[in-house]
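Structure first, then comments.
The values are calculated or read from the model by the stated rules, or taken from the named source; none is laboratory data. Just so it is clear, the structure is predicted and the values come from calculations on it, not from any experiment. Cβ placement follows ideal geometry from the backbone for every residue including glycine, while neighbour counts extend to all protein chains displayed.
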């Protein structure tokens, strides 16, 4: 209807008047007023309840259900205890704050070394051994030493790599 021409609007108004006249006539014949779906009716007013009222209604409904089911309403669970940081956690937080502050001021940062007590290390090893036993694996008696290449082996490896590169260059390749 937004793009309607004036002549279309006049025609629509005439049709509306005819509908109203016919409705009046129908009402007189039937002995009452005839409502039409075209007439706007007011929506029912919505009532809002306060939070306190809703809480009271909720509690009453719970009590009714408890009565029907034969169970008493369960009391509210006790609030959980507030958790506390361990000494190590506090130290980590403080170290992080000190690091950020030093970075802002442009000073070098001292890193705190992580320390593990002998008892803590023993606990970790015992836990690992227990898990390995549960999986059916035998724990390693001693950690194996990291393998390193001897200087002679390094020299031999360098010679082999140079030969490989020379072969690749002869073939016109830029990659191995």
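Based on this model, can you work out whether residue 113 counts as modelled with pLDDT under 75 and loosely packed, with under 10 Cβ neighbours inside 10 Å?
Spelling it out, residue 113 is indeed modelled with pLDDT under 75 and loosely packed, with under 10 Cβ neighbours inside 10 Å.
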TODO: For residue 58, indicate whether it is under 52 Å from the mean Cα position of the chain (by Cα), loosely packed, with under 11 Cβ neighbours inside 10 Å and at pLDDT 90 or above.
DONE: yes
